[in-house]
Every structure is written in structure tokens, then in C-alpha cells.
Amino acid sequence: MNHKKLSKFDTKIYSAIEKEKQRQEQGLEMIPSENFVSPAVLEALGSILTNKYSEGYPGKRYYGGCEFIDDAETLAIERAKKLFKAEHVNVQPLSGAPANVAVYFALLKPGDTVLGMDLSHGGHLTHGHPVTYMAKIFNFIRYKTTSAGKIDYKQIEILAKKHKPKIILVGYSAYSREINYKKIQIIADKVGAITMADIAHIAGLIAGGQMNNPVPIFDVVTTTTHKTLRGPRGGMIMCKKKWAKIIDKAVFPGFQGGPHENNIAAKAVAFKEALEPTFKTYAKQIMKNAKILEQEFKTRNYKICFNGTDNHLLLIDLNNKNLSGKEAQEALDKAGITVNKNMIPDDPRSPMDPSGIRLGTPALTSRGMREKEMKIIAGWIDQVIINRQNDKKLAEIKKQVVKMTKKFPLYK
Ligand SMILES: *Cc1c(COP(=O)(O)O)cnc(C)c1O
């Protein structure tokens, strides 16, 4: 990466970027929502497309001079359609949360009901957490997972019949198992609900053909482009033709202003990468790596929420290890391993100091790490948790972490 001008003009920002680059290079990034984009994606993001206003959609803009912007946005749309078998795609949402808000505004009136997953069972803040404005406008009802860790389809059907939701919402941030979209669609049909999936976390695994794809089945599917999909920070909405007009209107002019076309071009580049056969291998390896971590942790008597993983992430309940998620996160940070503290289903502790940690494999897999490294890393995580009060031991593990990362360079 060339930062010649920046390093001369703004030493403070340049220094922040260089330090962050070093942190990314020398640490083990295991936050499951994070990833490393390719240099080609970075180049599109840093391109002069950022200079252009282009309110509207390809062929129907409010500004002149949009012919090349139209080319880029149309490529992003066509590639996303191919990747997910979508009838209609809107690539303008600025991120995952605005994509969800735009869908709510498109399909709901104030006071309407949404049936979504309980947040401690894996749902996302934008699925109606009381701290969000959406929760003040719409009525969110929650379903949970069963004690075996599966989505409780029976409970969904009972709640759907009772509350007659306008939308049934699936798709999660901390849930690690597969989703049966057909079952949900059948329930929705019985009560006349619209089906919505938020595949923010697993979009790359779906694009890589490794997990069920809700796009051909559901009415509306939202996603981020920066998690397993390995694109720039951004959002996207896919829907059936029938919803295309009201979804597009809700994104612009309903909710957002001018689209970020540098970002949309970077999305197009990421989709091209995801259409390559090697992306399938990548998605497969993410899941193999997560499975190895699951086995390694189970052997060491860790309690895995939902009984294991079918995707890229693990939610670990630390109650039997006598420490909180926050303590584990802080100790792992000292060893150069980045995870996040997370609520477990019906967590008895507080969100700021919950019982669990959430970790995943997309970023490590992007670096080229495989089964062998996962086994070593699981051992280090266990050692950090056992020796959490021993700063000397944590520093020793950090040295080994740095040594391993040198074998898997980022942005050479
Ligand atoms: C990450 C995530 C979002 C929000 O995405 P942002 O880009 O952070 O706004 C929405 N839904 C789910 C399920 C997510 O995991």
C-alpha cells in the first residue's frame, strides 16, 4: 500500500494507520465478523469514485455525469444476482444496520410486529434490541433456540399464529448452526407474513456454496459485505421482484442520500472474487477450521453453545471455567489473540460482563491458516484462560503468536 502523500501531509493519521496495520499483521484476528479484504478491493475503495454524487439508480440519476458510475453499480448488481441467485439487488445500503432499517421502513407501518430471534440467543441489535430506535417504532416479539441448540421452529409457529407478525426474521450474529429456510417459509405462508433473512455473518459461506441460501426462497434478504463475504464495509438488500420498487424507494430517497460509489465498486470487485472457484475452497476451509476449533475446545472441557458449529463461529460458555467473557477477552488481548465477549443464551450475567466469548475463523483463513494452526491456536487460548493472571506467561504466548503470524503475511 502506497501512502506517500499521506505520510508527508498528516503524520498523525499516517501513524495511526501504520500502527493499526502492525496490529492486524501481528495478531490473531478471531472476531468472527472481521476479515481482510484483497488489495484489489482496497484499490477500488481508495479510488476517485469517491468524488462523485449519484443520487438515484443506474439509468435514473438526479445528477449528470453518471455514465461510468452506472457501469460500476450495474456490475455490482449483476454479480450479486449471479452469486446469490437473486431477482433484485440494491447495493447502496451504507452498512448492515441501515440495510435492515430500510427494509423495516419499506415493509412496515409504525406499531407493526416483527418476530425475530431473542438477542441472547444470537440475534442482532438491529433485530429490535430495546436500545435501538427501531424498537420504539415497531413491535418486536422474540423466539429462542431449544436446549439442544436448534432454532425452535415449533415456538416460531406458535408465536406467529398468536401475534400475526408482518415479518418473520431469521439470521444471526452469534448463532452457529444451519437454518432451515423452507420450514420458516411454510410457517410464514400459514400466517401471511413476509420472510426476511439477515445473512450478514454467513454471506460468504452461502456465496461459497457451503450453507443453505435463503435468497431464492425468502421475500427479502439483507447482508453486510465485509464479514465472511470479504468485501468492503457495506450493506446490500436482495429481494423478490415484487418488493423491488418499495425496497429501492426506502433506501433512496426514503432513508439515505447519495450512494458511496467507491464502496459500491469495491463490492463489485469482492463479488467477482467470490464468483471464482477458489472462493468455494476458501469458504470450505473457514468451516473446516471452525470444526477443528470446536473439537479442540470440547476435548479441553469447554462448553460450546448450541452444541457446536455448522458455520464460521463458536460461542463459548465460560461458566465452568470460573471466569467471565470480559476477563477472557482481556487476557487473550494481552496474548495478541482478538475475540469478543458475548452473551450466551439467557445469560445470567450483564452485557458488559457476559458469560461467553465469541470467536471465528474467517480472518485467519484469509491469511492462509489451516487445521495445523487451529490446533495450536486452540491450545494457546486454553493456556491463556488457565494462566490469565500470569502476565509473564501471556507475554510468552504473545511472542509465539507474533512468530506464527510472520509465516502468514498480510498485504506484502
Ligand atoms: C453485523 C451485523 C449487522 C450490522 O452490520 P453493520 O455493518 O455493523 O451495520 C446486522 N445484522 C447482523 C446479523 C449482523 O451480524
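The values are calculated or read from the model by the stated rules, or taken from the named source; none is laboratory data. Note that this is a predicted model, so its numbers are computed, not measured. Methodologically, a virtual Cβ is constructed for each residue, glycine included, from the backbone with ideal geometry; neighbour enumeration extends over all protein chains shown.
List, please: which pairs have Cβ atoms under 7 Å, are six or more places apart or on different chains, and start with a residue in region 211-229 that is within 19 Å of A270 (Cα to Cα) and end with one that is among the aromatic types (F, W, Y)?
As it stands, the answer is N213/F84; V215/F84, since those pairs meet every condition given.
When S33 is evaluated against the numbered criteria (1) in the same structural domain as T223 (by TED's automatic domain parsing); (2) touching a residue at least 12 places away in the same chain (Cβ under 8 Å), which criterion, by number, is the only one it fails?
Evaluating S33 over (1) in the same structural domain as T223 (by TED's automatic domain parsing); (2) touching a residue at least 12 places away in the same chain (Cβ under 8 Å) leaves (1) as the failure.
Could you check D198 against (1) surrounded by 16 or more Cβ atoms within 10 Å (Cβ to Cβ); (2) without any contact (Cβ under 8 Å) to a residue 40 or more places away in the chain and say which number it fails?
Status for D198: all satisfied but (2).
Could you tell me which numbered condition G209 fails, if it satisfies all but one of (1) under 27 Å from R367 (Cα atoms); (2) within 16 Å of the ligand (Cβ to nearest atom); (3) not assigned by TED's automatic domain parsing to the domain that holds L323?
Condition (2) is where G209 drops out.
Condition (residue is within 22 Å of the chain's Cα centre (by Cα), under 28 Å from I206 (Cα atoms), modelled with pLDDT of 95 or more and not in a loop (DSSP other than H, G, I, E, B)) applied to region 52-66: is it met by at least one residue?
Step one: of region 52-66, the residues within 22 Å of the chain's Cα centre (by Cα) are none.
So far as region 52-66 goes, no, none of its residues is within 22 Å of the chain's Cα centre (by Cα), under 28 Å from I206 (Cα atoms), modelled with pLDDT of 95 or more and not in a loop (DSSP other than H, G, I, E, B).
With respect to the numbered conditions (1) more than 20 Å from I158 (Cβ to Cβ); (2) modelled with pLDDT under 95; (3) more than 12 Å from the ligand (Cβ to nearest atom), which one is the sole condition not fulfilled by D118?
(1)
To keep it simple, each residue is scored yes or no on (1) assigned to a loop (DSSP other than H, G, I, E, B); (2) of a type in the set (S, T, Y); (3) closer than 17 Å to V220 by Cα.
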site: R142; (1), (2), (3): no, no, no
site: A148; (1), (2), (3): yes, no, no
site: K162; (1), (2), (3): no, no, no
site: P165; (1), (2), (3): yes, no, yes
site: L169; (1), (2), (3): no, no, yes
site: Y175; (1), (2), (3): yes, yes, no
site: E178; (1), (2), (3): yes, no, no
site: I187; (1), (2), (3): no, no, yes
site: A197; (1), (2), (3): no, no, yes
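Quick check on this structure: which one of A72, A102, A80 is closer than 30 Å to V131 by Cα and assigned by TED's automatic domain parsing to the domain that holds A266? So that I can check it myself, show each step before the final result.
Numbers: A72 fails: closer than 30 Å to V131 by Cα; A80 fails: closer than 30 Å to V131 by Cα.
Going through A72, A102, A80 in turn, just one is closer than 30 Å to V131 by Cα and assigned by TED's automatic domain parsing to the domain that holds A266: A102.
I need the full set of residues from region 164-195 which are away from the ligand (no atom under 15 Å from the Cβ) and in contact with an Asp or Glu (Cβ under 7 Å, 6 or more places away or on another chain), in order please.
K166, E178, I187, I194, T195
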